[in-house]
1. Could you give me the residue pairs with C-beta distances under 8 Å whose first residue belongs to segment 94-113 and is touching a residue at least 40 places away in the same chain (Cβ under 8 Å), whose second residue is open to solvent by 50 Å² or more (accessible area, probe 1.4 Å) and near the ligand (Cβ under 6 Å from one of its atoms) wherever it lies, and which are 6+ apart or on separate chains?
2. How many residues are within 13 Å of the ligand (Cβ to nearest atom) and surrounded by 24 or more Cβ atoms within 10 Å (Cβ to Cβ) if we restrict to segment 71-94?
3. If you take the residues in segment 299-335 that are open to solvent by 30 Å² or more (accessible area, probe 1.4 Å) and among the hydroxyl-bearing types (S, T, Y), which one is farthest from I376 (Cα to Cα)?
4. Given the structure, is L97 within 15 Å of the ligand (Cβ to nearest atom) and either of a type in the set (A, V, I, L, M, F, W, C) or outside the structural domain of V180 (by TED's automatic domain parsing) (or both)?
5. Does R119 satisfy the condition of being within 21 Å of P172 (Cβ to Cβ) and away from the ligand (no atom under 16 Å from the Cβ)?
6. Given the residues A259, A219, which is the only one that is closer than 21 Å to S275 by Cβ, without any contact (Cβ under 8 Å) to a residue 12 or more places away in the chain and part of a helix (DSSP H, G or I)?
7. Looking at A196, A219, A192, which one is assigned by TED's automatic domain parsing to the domain that holds A154, open to solvent by 20 Å² or more (accessible area, probe 1.4 Å) and under 25 Å from A82 (Cα atoms)?
8. Out of all the residues in segment 48-70, which are out of contact with any Ser or Thr (no Cβ under 6 Å at 6 or more places or on another chain) and either in a helix (DSSP H, G or I) or open to solvent by less than 30 Å² (accessible area, probe 1.4 Å) (or both)?
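The values are calculated or read from the model by the stated rules, or taken from the named source; none is laboratory data. The structure displayed is predicted, hence computed values, not measured ones. Neighbour counts run over all protein chains shown; Cβ positions are idealised from the backbone, glycine included. We work out accessible area using only protein heavy atoms, side chains counted, and drop any ligands, DNA or RNA first. Shrake-Rupley method; radii C 1.70, N 1.55, O 1.52, S 1.80 Å.
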Amino acid sequence: MAESFLLHAGLAPLDREIRPPLSGAEALAEANRCLFCYDAPCTRACPTHIDVPLFIQQIATGNTAGSARTIFAANVLGSSCARVCPTEELCEGACVLGDQHKPIAIGPLQRYATDHALRLGLPILTPGPAVAAGTSAPTVGIIGAGPAGLACAAELLRQGYRSVIYEQADQPGGLNTFGVAQYKMTPGAALAEVEALARSGLDIRCGVRVGKNGTVTLAELESRHAAIFIGVGMGAIPGIGLPGEELPGVWDALDFISALKLGNPEVIKLVSKASVAVIGGGNTSIDVTTQAVRAGAAKVWLLYRRGPAHMPAYPHEVHLALAHGIDMVYHAVPRRILGSEDGQLRGIELQTVPADGSPADSRSPSDSTVVLEASIVVRATGQRGAGLAAELPVRTTAKGVVEVDAWGRTSHPRYYAGGDCTSGGQEVVNAVEAGKRAAQSMIRELLTPLGQVDAAQAQAE
Ligand code: SF4
């Protein structure tokens, strides 16, 4: 089988991000194209409402540190979001210049400013004056150091409230560190931003599992903290019931991305020159396909049960995958995963069904069965709720998604939640906004009254 054309072409290897950073001259030229619109549509399109014209103007006038401050004031993960946001669908998609010319490259400019601040070790968060001092000051326990948990802790600190983040993994960052494809953001880039937040005063404790079989129980958290924020993300991708799914070489999409992202040498060797079949049609499935090619896979198929018009993945992500040589197999229904006599994965059998809207499970004479000789099969068919969700004293849906209102309030008055565990899977920027809003909500409803009482007591003493 032919080797990956990307490797032959000398394109970015596994350890580099796909979009190179802007040089100073490029950033200046791009910033000077901006019209600095009043009531800017780009700002309105950003879930965290970053003041885009202001930060671009600050770059244009040489105030790069000020530009980073503007970005981080609205979004403490501004550097990560500059890399992973679907800007084509959000700020850049709303830019007024997109109609006649080329939209402003808002994502790369945001990365230019935020990377500058991180490189120089500038503070990205200013803690507010403590609302109440002393051991009885109200604090928040945050479960999960992913984007939502970090954003929640940062907003609390900005307003003078302390929190403790309990993270079960040995590194913070959640999906930014482990689950976003490496070609979009390296683990180093994700961790640099978290480290800057920790330097500003966030208390992040890794390797701490919450729950009845964990290091800390929920009852202990409730006794330590006035409020609890749930930011645990989603859980594993469940099996889809295919015969042969237990064979070695069948992967959960997030485990696959994580292994490549963290540079697992065995997995990198396995993927190099392999044939990979990915089942799915959402953005994660596209990430897997593109990541597999960039890791040296010789052939990558995406198997999607419907046609291109129904594919939930963003069009720009699909174009990127196609540019990497992915073979899209539409109207494909996997039937079984095939193993060899010695128990190794040797392929996947699928049925291609007519694109006439007839149910995928109905067989007809025009249906055809195809066998793809794949050595790796990746399931990217949607996650279920995190395991901890079942233990929480809050209402969840049948899929284990935590139910919240627009302010992150759950069915329990002391529990708030945000991020993927409440949305089922959205963008990092949505998780940041959800964490921020939940922090504002708990300050308003729980912490301020407690803090005021505490401060009054402290004064009386
Ligand atoms: Fe600049 Fe485009 Fe935003 Fe207007 S819409 S402020 S031109 S980035």
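1. V96/L35; L97/L35
2. Qualifying residue count, segment 71-94: 2.
3. Y314
4. Numbers: within 15 Å of the ligand (Cβ to nearest atom): yes; either of a type in the set (A, V, I, L, M, F, W, C) or outside the structural domain of V180 (by TED's automatic domain parsing) (or both): yes.
Taking the combined requirement at face value, the residue satisfies it.
5. Yes, satisfied.
6. Result of the check over A259, A219: A259.
7. Details: A196 fails: open to solvent by 20 Å² or more (accessible area, probe 1.4 Å); A219 fails: under 25 Å from A82 (Cα atoms).
Result of the check over A196, A219, A192: A192.
8. T48, I50, P53, I56, Q57, A60, T64, A65, G66, S67, R69, T70
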